[in-house]
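Read-outs: derived from the displayed coordinates by stated rules, not from any lab. It should be emphasised that the depicted structure is a prediction, and the values quoted were computed from it without experimental measurement. Don't worry about glycine lacking a Cβ; one is built from the backbone with ideal geometry, like all the others, and counts go over all protein chains shown.
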Amino acid sequence: MSKSWLAVLLVAGVAGCGGNITPVNGWGDGGGNIDAAADDGGGGNPDGTVAQHDAGCGLRTCESAGASCGPIGDGCGGTLECGGCTPPASCGGGGTPSVCGGTAGCVPKTCAGLGANCGPLGDGCGSLLQCGDCTPPETCGGGGTYFACGQNPPGCQPKTCADLGFNCGAAGDGCGNLITGGCGTCTAPDICGGGGVPGVCGGGTPPDGGVPCVNLCLQQVDCPTGTTSVSGTVYAPNGKEPLYGALVYVPNAAVQPFTPGVSCLRCEDQVSGSPLVSTTTDYRGQFKLDDMPVGTNIPLVIQLGRWRRQITIPSVSQCVDTALAATLTRLPRNKSEGDIPLTAMVTGNVDQLECVLRKIGIDAAEFTLPSGNGRIRMYHENGVSRMTSSGPNLPDANTLWDTQAHLDQYDMVIFACEGGHYDKGAGEKGRVRAYADKGGRVFTTHYSYTWLYDNDPWGCGDGCTTVGHTVGAWNYGSGSGSSTTGTIDTSFPKGQAFSQWLGVVGALVGPNQITINDWRHDLDSVYPAPTAQRWIYAGATSFVEHATFNTPVGTPADQQCGRVLFSDFHVQNAGSLNGDYLFDPANCNQTADLTAQEKVLEFMLFDLAACITPDVPPPPTCTPKTCAQLGANCGFIGDGCGNAIDCGPCVLPETCGGCGVPNVCCVPGCLPRTCAQLGLQCGPAGDGCGNIIDCGPCVPPDTCGGGGVPGVCGHSSCIPLTCETAGAECGLIGDGCGGSVDCGPCILPETCGGGGVANICGIIG
């Protein structure tokens, strides 16, 4: 190549660089160089000095390039240094190449945005906001709300019963005072706190056992309104008199047979079949079972002690009530219809209690000798000797109580009046007492007091009143008469039900009064429940005509399982017997209605057969809470059982509940918050009570809020440019973050920027 051609080429090369070279993004010089000392693309000298540029190549400035930091190319082969940034900003830190930034990622909060109207408050980006002052007597945070004006001290906000979740008893308002009028009363048998929840009525109904839903449970349905139910009335076997206190339930499993013989069983022990829904009859004998399973052939059990009948309801319709016929809901007349307590009947001289059993509906076939299979086994003492004129003689009654085993085979023993005072031996009385203590039921009337009056602890002799050795003041032979008015003792729940039942069956002659024919006076009084219970009394001295006591006497109610009844009147006048056998129509007209006095015995016979519960149920108990258990250290507070306890005063300047926590001493006013409570780790902040706290600095390159989270150290990252993202093919370019990138050389004859486009390879010309 000749020198003249080279000169021409050089001239052309200079001309190609003149004013028309377009730099890429303004960051390279377009000629492939950034270090003018090495290669200025036509404008630099080999000695490293900056050459005088051709007038045709327009120099770029930091200002024209919009750069405030770092190196950039001047577009003509030279470099420009646009300076540094003032911390916490950094070159490109705000996301714009070659521009100082780094705080743009933190958006400062405003007072309104923070819900503040007073005090200093950090904006989250390292600076303070002043959100204003409060007008006295209000202070910042004084009302209990941080950064808000309020009264200082704020005082204690009294709680209501609803706030406390109480529905009964006395309670404190959390500020040292009692709630006026308390939180209400409970309906018996529930008591306040009796269910174990302080201040809530409970204790009268056992909790749900949480049994899994199986069998008939799967047939229970929810109703839009109301419920699926069955209703009816439970009757005696004769279908005439309603029965009080009978259990009615739907079994959800197989009902098990009773274990023969006397046994000490509680109510719950005598019920089998996993009752799904259950209830008991009221004094009218009526019941209603809600939430019944729906469908056909639904089983139902009617039970009163060891009286039990199992029936099948043909159909139960959804969400309506199904009324049951009386033929379905009477107790069994014979063992083919259900269970009847195995009863030993000892005949008497004056009246025939066995006739009462016939008239309440027990079939004649169930009256047999002890060797038979009837449910009523007959023994002769001083009454009828045969059941029919042609039948065999009844065995002597002493074959009943001669051994413990003979007695213990029976569920119930009935001793009729023998017509005279015949004392019993110690062994005989001991066996009868042991029988009752094992769970047996003993019915005695008039002269049968000889089983009781001197049988310690049932009695310690006539006129003996030694507490613990007698159930009452026995005083046999104190009086008798043909007729008197008896008064029902309604001082206990069963007595009230008894009187109401007598009214239903038409046996009352006045409020709580009945006529008693052929009365006797052998028991002056009884010791009150739980020792014994009076049911009927008469005369000016209110001597006892009817009483019961549970056995063993003197043991806790939950350990008693037997029962003894003493009745001191006759149901048939002396001398009226016309034959010596049971089923003489003149003596025992089993088709006739029960007399008023016989209805009294009917109620008592079924009560005697029922499972043992206290005649006067013990009240549910509640264990009172202490101040410590309730987390209280001041003021009045409810103990959960309906009473108030005083947890003491506070020591000034503390007040009770002053900081918003009921019954806890605290200095009233605003409790300043810490940086940790505010969730801050840097910068100044307000404590919520009008004061400034310093949450500390950040370690560079982090700045307060620099990562976009107010009050938290962080920094925004500058993403460096690459040759590709900058659209450069050659030469050096700035990366926008204070550094440079070499995009490589061009292949001759192309040169970097030679085609007029900065950092793009091209040919001059």
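If you sort the three axes of the alpha carbon gyration tensor as a ≥ b ≥ c, you get a/c of 1.5 or more for region 215-329 and a/b no higher than b/c, which makes it oblate.
Counting other Cβ atoms within 10 Å of each Cβ, which trypsin sites (Lys or Arg not before Pro) in region 297-357 have at most 16 and sit in a DSSP loop?
Of the trypsin sites (Lys or Arg not before Pro), the ones in loops of region 297-357 whose Cβ has at most 16 other Cβ atoms within 10 Å are Lys335.
For region 597-700, the ratio of Cα radius of gyration to the globular rule of thumb 2.2 N^0.38 Å stands at 2.32. Under the criterion of Cα pairs below 8 Å and six or more residues apart, the relative contact order for region 215-329 equals 40 percent. Counting charges near Trp307 (Lys, Arg +1; Asp, Glu -1) among other residues having Cβ under 13 Å from its Cβ returns a value of +2. Inter-part distance, region 454-475 to region 668-705, computed on C-alpha centroids, equals 84 Å.
Positive end of the dipole of region 611-765 (Cβ unit charges, origin at the Cα centre): among Leu732, Cys675, Ile645, the Cα lying farthest that way belongs to Ile645. By the Cα gyration tensor, the chain has an equivalent ellipsoid whose semi-axes, rounded to whole angstrom, run 108, 34, 19 from largest to smallest. Taking the chain as the region of interest, the number of lysine pairs whose Cα atoms are within less than 30 Å, with members eight or more places apart or on different chains, is 25. The stretch between Gln130 and Ser480 holds 115.9 nm of extra length on full extension. This uses 0.36 nm per residue minus the Cα-Cα distance.
Could you give the length gained on full extension between Ser389 and Asp321, defined as 0.36 nm per residue of separation minus the Cα-Cα distance, in nm?
Full extension of this stretch gives 19.4 nm more.
Placing unit charges on each Cβ (+1 for Lys and Arg, -1 for Asp and Glu) gives the chain a dipole about its Cα centre, and among Pro619, Val230, Thr450 the Cα reaching farthest toward its positive end belongs to Thr450. Over region 452-507, what is the relative contact order in whole percent, taking alpha-carbon pairs under 8 Å and six or more residues apart? Over region 452-507, the number comes to 18 percent.
FRET efficiency for Ser263 and His469, Cβ-Cβ distance as r, R0 = 25 Å, nearest 0.05?
It comes out at approximately 0.40.
With R₀ fixed at 60 Å, the C-beta to C-beta distance from Cys213 to Thr86 puts the FRET efficiency at about 0.20.
Beta-bridge orientation, the chain: approximately 75 percent antiparallel, per DSSP, counting only bridges with both partners inside. Under a model in which nothing but the beta-carbon of Lys, Arg (+1) and Asp, Glu (-1) is charged, the chain shows a dipole of about 2380 debye around its Cα centre. Residues of region 613-636 with an amide N closer than 14 Å to a point placed 7 Å from the Cα of Asn643 along the Cα-to-Cβ direction: 621-627. The residue among Ala116, Ala507, Phe636 whose Cα reaches farthest toward the positive pole of the charge dipole of the chain, with charges on the beta-carbon of Lys, Arg, Asp and Glu, is Ala507.
Per residue, the average separation of C-alpha pairs within less than 8 Å and at least 6 apart gives the chain a relative contact order of 18 percent. Available extension along the chain between Thr515 and Glu138 is 127.7 nm, counting 0.36 nm per residue and deducting the alpha carbon span.
Near the amide H of Ala473, within less than 5 Å, lie the amide hydrogens of Asp524, Ser525, Val526, Tyr527, all on another chain or at least 5 residues away, with H placed in the peptide plane. Checking every one of the trypsin sites (Lys or Arg not before Pro) in region 449-549 against DSSP loop status and a limit of 16 other Cβ atoms within 10 Å picks out no site at all. Electrostatic tally near Ser542: other residues with Cβ closer than 11 Å to its Cβ, Lys and Arg +1, Asp and Glu -1, net -2.
As an exercise, use a Förster radius of 45 Å and the Cβ-Cβ distance of Ala557 and Thr595 to find the FRET efficiency, rounded to the nearest 0.05.
0.85
Normalised by 2.2 N^0.38 Å, where N counts its residues, the alpha-carbon radius of gyration of region 459-591 equals 1.18. Charges were assigned to the Cβ only: +1 to each Lys and Arg, -1 to each Asp and Glu. The resulting dipole of region 215-329 about its Cα centre is roughly 400 debye.
Could you pull out every whole DSSP H run in the chain that spans at least 30 Å of Cα extent along its own axis and averages 1.0 or higher on the Kyte-Doolittle scale? Membrane-span-like by this criterion, though nothing is claimed about a membrane: none.
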